[in-house]
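Everything below concerns the one structure shown next.
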Amino acid sequence: MIEERTEQPIVRHRPPAIAPVAVPMFARKGNTARRRRLENGAVFGVQIILALLLLAGMYALNAVGGNLVMPNPNDIVAESVLMWSDGTMLKGLGESLTVISLGFLLSASTGIFLGVLLGGFRVLGRVLDPFVNAMNSTPGAAFIPLIIVWFGLYTEAKVVVVWNAAFFPILINTTAGIANANKELVEMARAFGAKRATLFWRVMVPDALPSILSGLRIGAAICTVGTVIAELTMAQSGLGGLLAAAGNRFQMDRYFAVVIVLMALGTLITAMLRLAERRIGRWRVSLADGR
Amino acid sequence: MSAPIISLRHVGKSFKDGEVRALEDISFDVRPGEFVSLVGPSGCGKTTLLRIINGLIAPDEGEVHVMGAAPQPGPDLAMVFQSARLLPWLTVAGNIEFVLQLKGLPGSERPARARALLGAVGLREFAEAFPHELSGGMQQRVGLARALAVEPKVLLMDEPFAALDAMTREVLRKELLQLWSRRGIAVVFVTHDIDEAILLSQRVVLLRPRPGRIDEIVDVSFPEPRWQQDPRTSPAFVSMREHLWDRIHDMVRDGAELEELAGAFGNVDWSTATFHRSFL
Ligand SMILES: Nc1ncnc2c1ncn2[C@@H]1O[C@H](COP(=O)(O)OP(=O)(O)OP(=O)(O)O)[C@@H](O)[C@H]1O
Ligand SMILES: [Mg+2]
């Protein structure tokens, strides 16, 4: 007891330069926290430097190659302000968000519903497996001409394009999550007298929830991509339409202003779903931590 | 003597279309309130036998009666597994309420019952914790509380303490004995710890492997209650332990010889062997 106490200050007063190397894993909490802060700071610092380098690279390219190769970042900012203030960007964003959210809602509801069916009824899953795989391996863009013939060029057709692209990853993740539900937990519930329906809804489906959520996250990312592709190739509208219009007229500053909005949108959607995934699948994260 | 609560007659079970003979000609009875241990080397069919008694799988031959009828999974039977097998998305109390719901207890009574059972295993404060926030020993306690919550007539335990450290194991054994003696449940306890089997049970069923069959049934009688008076130093305990280990060593030796024989004959393709010999 006494020895330990005399030792504590020695460890605490070690020069910080040595601390990260010399302090073993079981060192005091304060040290770990400080090390984590240091690491966070370092990561953020390097990220800032990289962003600045990128910006400098854009200026350099603009100076060497001219406005067509790389617009001046100042012009991009000016064009962004203009597009946001005259409502162009807001209108495009609204149109794109409509397609994204309709497509996502449709693919999520149908994908989860069918995935639960295919995972729950093993034979049905086996029967449909080759068809699902064939559809999933075909690039979504391959169906665009057919969708145009069937549904036209406007919002409803775009939603179908998005649905077609996002449906299969959601379906496959849901099916796999349920089909691979923890056998030990299933046996436990069976041993206590759970019937089929209880087993399914109270054990297998909750056990598949993390897998379903990662399907939704992948699906949402695909929805953004699908929307832009649909807007580029069908009736031009939304952010994709702005992109095409600016590109066709070689207005590269305008084009980049739209790209930045798309980047932010995609990042935001993925971050939101990752947060939901982390919250609902918290127990699985903790298990992965090794307990 | 009262009528047996579990009765097994010439029970046999095979897997993989008869390729793996897991159990053969198993016959024994368990009386109400009796504590019976199943011991035997790995792979001798202990888990399979528990599953059969639980009604999770049906035997290929023989008859099984639990409370006079073919076994059905349900609230009269409860199982404790080697790992706790708690539903990780439910709280500790939620896990116990889950099986209470399966038993058909009305929703209004479930929380109180779950908490009472958690109190019985000393985990009342952890009712709202999630399983991953508990240590392995605590999780196993929840598994035990869950099994007791349905007030089973038969408690089946499949190496429930095998994954725990020696100290926790010792504490839980004592708690198990106390809970058992208070409730008068019949217990079938699988272990491959000979000491544990003798320490806890009134009868030890020794199984031998390939195919799993009964080697010997040993009666154990020590003064009750056993949690107050450790019988491990008594001469009766020592000699019983010695006897069981002798049987197991015999088994292992037999098994080793069989293995050698299988190795010597199993991998030789006789047609090519004779072919080669004629060439030599
Ligand atoms: N579902 C199954 N399919 C095929 N073989 C099985 C199955 N279950 C058990 N077996 C076989 O039956 C035999 C007995 O298995 P069991 O799990 O009952 O042994 P055990 O006595 O519980 O072993 P351990 O002490 O290692 O848990 C083994 O040879 C095993 O390979
Ligand atoms: Mg086993």
- prompt: Where in the stretch B:70-145 are there GluC sites (Glu not before Pro) that are in a DSSP coil and have at most 14 other Cβ atoms within 10 angstrom of their Cβ?
  reply: B:Glu109, B:Glu128
- prompt: For labels at A:Arg249 and B:Trp245 in the simple 7 Å Cα→Cβ model, what's the distance in nm?
  reply: 9.3
- prompt: Mean separation of Cα pairs under 8 Å and 6+ residues apart, divided by the residue count of chain B: what relative contact order is that in percent?
  reply: 24
- request: Within 10 Å of each Cβ in peptide B:84-91, how many partner chain Cβ atoms are there on average? Round it to a whole number, please.
  value: 6
field: Relative contact order for the stretch A:73-290, counting Cα pairs under 8 Å that sit 6 or more residues apart, in percent
entry: 28
statement: Number of Lys pairs in the protein assembly as shown closer than 27 Å at Cα, excluding neighbours under 8 places apart unless interchain, is 20
Estimated 222 nm signal from helices in chain A, with DSSP H stretches of n ≥ 4 weighted -39500 (n - 2.57), rounded to 500: -27000 deg cm²/dmol
task: Within 10 Å of each Cβ in peptide B:71-79, how many partner chain Cβ atoms are there on average? Round it to a whole number, please.
output: 3
- prompt: Accessible area, 1.4 Å probe, largest first: how do B:Phe98, B:Phe130, A:Phe151 sort?
  reply: A:Phe151, B:Phe130, B:Phe98
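Summing +1 for each Lys or Arg and -1 for each Asp or Glu, what net charge is found among the other residues whose Cβ lies under 10 Å from the Cβ of A:Thr227?
Working: positive: A:Lys158; negative: A:Glu95, A:Glu231.
Spelling it out: positives minus negatives among the neighbours equals -1.
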- prompt: Which whole-Hz ³J(HN,Hα) couplings does the stretch B:222-233 yield from phi under the Karplus relation 6.51 cos²θ - 1.76 cosθ + 1.60, θ = phi - 60°, glycine and proline marked x?
  reply: 10, x, 8, x, 7, 6, 8, 10, 5, x, 5, 8
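How shielded is A:182-190 by partner chains, expressed as the average number of their Cβ atoms within 10 Å of its Cβ atoms?
Numbers: counts 3, 0, 5, 4, 1, 7, 13, 6, 6.
For this peptide, the per-residue mean of nearby foreign Cβ atoms is 5.
Using only the heavy atoms of the protein chains and a 1.4 Å probe, how would B:Glu61, A:Glu187, A:Glu231 rank by accessible area, largest first?
The residues order as B:Glu61, A:Glu187, A:Glu231, largest area first.
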task: Quick one: which residues, 5+ away or cross-chain, put their amide H under 5 Å from the amide H of B:Asp25? H built at 1.01 Å from N.
output: B:Val11, B:Gly12
message: Given a Förster distance of 35 Å, report the FRET efficiency between B:Glu224 and B:Ser27 from their Cβ-Cβ distance, rounded to the nearest 0.05.
response: 0.80
query: Hey, in the GNM for chain B with a 10 angstrom Cα cutoff, which one of B:Met138, B:Met251, B:Met167 fluctuates hardest?
result: B:Met167
- request: Enumerate the calculated ³J(HN,Hα) couplings along the stretch A:237-244 in order (Karplus 6.51 cos²θ - 1.76 cosθ + 1.60, θ = phi - 60°), each rounded to whole Hz, writing x wherever the residue is Gly or Pro.
  value: 7, x, 5, x, x, 4, 4, 5
task: Mind telling me which of B:Asp158, B:Asp29, B:Asp230 comes out most flexible in a GNM of chain B, alpha-carbon contacts under 10 Å?
output: B:Asp230
- request: On the full set of protein chains, 1.4 Å probe, figure out the accessible area of B:Val20 and give it in Å² to the nearest 10.
  value: 60
- request: Show me A:168-178, A:201-211 ranked by packing, highest mean number of other Cβ atoms within 10 Å first.
  value: A:168-178, A:201-211
Gaussian network model of chain A, Cα within-10 Å springs - most flexible of A:Ala142, A:Ala257, A:Ala244: A:Ala142
field: Computed FRET value (nearest 0.05) for A:Thr138 with B:His192, which takes r as the C-beta separation and R₀ as 56 Å
entry: 0.55
task: Estimate the FRET efficiency between A:Met272 and A:Leu53 by the formula 1/(1 + (r/R0)^6), using the beta-carbon distance for r and 22 Å for R0, to the nearest 0.05.
output: 0.15
message: How big is the protein assembly as shown along each principal axis, measuring the range of its Cα positions in Å and listing the largest first?
response: 97, 79, 72
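The values are calculated or read from the model by the stated rules, or taken from the named source; none is laboratory data. All figures in this text were calculated on a predicted structure; none of them were measured in a lab. All Cβ positions, even for glycine, are placed from backbone atoms using ideal geometry, and neighbour counts span all protein chains on display. Just the protein is used for accessible areas: all its heavy atoms, side chains included, with ligands, DNA and RNA removed. Shrake-Rupley method; radii C 1.70, N 1.55, O 1.52, S 1.80 Å.
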